[in-house]
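The values are calculated or read from the model by the stated rules, or taken from the named source; none is laboratory data. Every value quoted in this text rests on a predicted model; they were computed, and no experiment measured them. With ideal geometry, Cβ positions are generated from the backbone for all residues, glycine too; neighbour counts draw on all protein chains shown.
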Amino acid sequence: MRARSLILVWLALLLLLALSVGATFLPIGGWRHGISIGVGFVKAGLVLWFFMKLRTAGGLARLSVLGTLLFLMALILLVWIDYASRSSYRGSEIMTGEPNTGSTSTPFS
Amino acid sequence: MQRHEPYPTPERQREADQLGMMLFLGSEIMLFGALFAAAFGLFLRHTPDVEAASGRLNLWLGGANTIILLTSSLFVALGAEARGRRPRRLVACFLAAALLGILFLAVKALEYAREYDEGLMPGTAHAHFASGPQQLFMNLYFAATGLHAVHLTLGVVLLLVLALRERWRPATAAAIENAALYWHLVDVIWIFLYPVLYLTRG
């Protein structure tokens, strides 16, 4: 990849950083957390694709990245399922000692 | 590129080099992944506490460090690009990236010092927290950024060694490409640490 293209990717990364910092000051409730994480994924994608050369990498290297992402998703998803289903679980007051209010604590509230 | 047994072609050899590195980096991602999963769980269960604790961190110093790391990654990419054709540019780029890495660690140390002064460092004498979950968040902050700093320190040593030995005994293409991959991964981890720790403010 030519030097000029790499510098353009770097500029795009800086712009995205400004976007995610800017988003934290917007009065849009919990969604700004979603924006800053989403921008993080875009930035990571740019670094992987251009700096880490996945753009020109073979199928084996791409597959290994995909496999890692799959395991990571399983980890995060199972943590989420655990916390999201806790307070709606019958008898959770016995398990946690907290009264069951029937509502889950959602991240975007 | 020099070919070694048992690979029939240099391309196959490069592919194997790269796959080994990718699997190692995958294990690193899972290591940090556990910390991110912990942060996510803490956030789901104690959203207001996490937002309050995150608000105590210095957004701007963290942001400056993000700029420093992104720029160092650019230099590493430029250096790896110059491999084999322009050795002097490779040395200059890797040295610049290593210096930026040291600058990152200096800013991080400054942050730690400020957090110590503000009583945000768990386990220290005058540490005080508004709630248990806020202390948990700060534990996580120090564990995650500390582990990241260890990785970054290793990366700085790696880049310095590769740059300094280039004059009399140049490293192999695989060593340079894999060191570059490692540095970019440390950058990617910070790309996620920054929003998770600093930008989750209320």
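Looking at segment A:1-13, I want the residues that are free of Cβ contacts under 8 Å to residues at least 60 places away in the same chain and have a partner that is loosely packed, with under 12 Cβ neighbours inside 10 Å and assigned to a helix (DSSP H, G or I) with Cβ atoms under 7 Å, at least 6 apart or on another chain. Which pairs are those?
none
Suppose we filter B:R83, B:R88 for residues that are at pLDDT below 95 and assigned to a helix (DSSP H, G or I); which single one remains? Talk me through it step by step, then tell me what you get.
Working: B:R83 fails: assigned to a helix (DSSP H, G or I).
Result: B:R88 is the single residue among B:R83, B:R88 that is at pLDDT below 95 and assigned to a helix (DSSP H, G or I).
Here is a list: B:L185, B:L154, B:L147. Which entry is surrounded by fewer than 21 Cβ atoms within 10 Å (Cβ to Cβ), closer than 24 Å to B:V107 by Cβ and touching a residue at least 60 places away in the same chain (Cβ under 8 Å)?
Numbers: B:L185 fails: surrounded by fewer than 21 Cβ atoms within 10 Å (Cβ to Cβ); B:L154 fails: touching a residue at least 60 places away in the same chain (Cβ under 8 Å).
On inspection, the qualifying residue turns out to be B:L147.
Please go through segment B:53-89 and give me each residue that is more than 10 Å from every other protein chain (Cβ to nearest Cβ), farther than 26 Å from B:E115 by Cα and surrounded by fewer than 24 Cβ atoms within 10 Å (Cβ to Cβ), ordered by number.
Once the filter is applied, which keeps residues that are more than 10 Å from every other protein chain (Cβ to nearest Cβ), farther than 26 Å from B:E115 by Cα and surrounded by fewer than 24 Cβ atoms within 10 Å (Cβ to Cβ), segment B:53-89 yields B:R83, B:G84, B:R85, B:R86, B:P87, B:R88.
Check B:E111, B:E177 and return the single one that is touching a residue at least 12 places away in the same chain (Cβ under 8 Å), within 14 Å of chain A (Cβ to nearest Cβ) and in a helix (DSSP H, G or I).
Numbers: B:E111 fails: within 14 Å of chain A (Cβ to nearest Cβ).
Sole residue among the options that is touching a residue at least 12 places away in the same chain (Cβ under 8 Å), within 14 Å of chain A (Cβ to nearest Cβ) and in a helix (DSSP H, G or I): B:E177.
State which residue is surrounded by the fewest Cβ atoms within 10 Å (Cβ to Cβ) when the search covers only segment A:3-38 and only residues that are facing chain B (nearest Cβ under 7 Å) and more than 30 Å from B:A82 (Cβ to Cβ).
Here the residue is A:I37.
Looking at A:R62, A:R32, which is the one that is in a helix (DSSP H, G or I) and touching a helix residue (DSSP H, G or I) at 6+ places or on another chain (Cβ under 6 Å)? Working first, answer last.
On the way: A:R62 fails: touching a helix residue (DSSP H, G or I) at 6+ places or on another chain (Cβ under 6 Å).
On inspection, the qualifying residue turns out to be A:R32.
Residues in segment B:160-175: is at least one within 22 Å of A:S20 (Cβ to Cβ) and modelled with pLDDT of 90 or more? Please lay out each step first, then the result.
Step one: list which residues in segment B:160-175 are within 22 Å of A:S20 (Cβ to Cβ), which gives none.
Scanning segment B:160-175 turns up no residue that is within 22 Å of A:S20 (Cβ to Cβ) and modelled with pLDDT of 90 or more.
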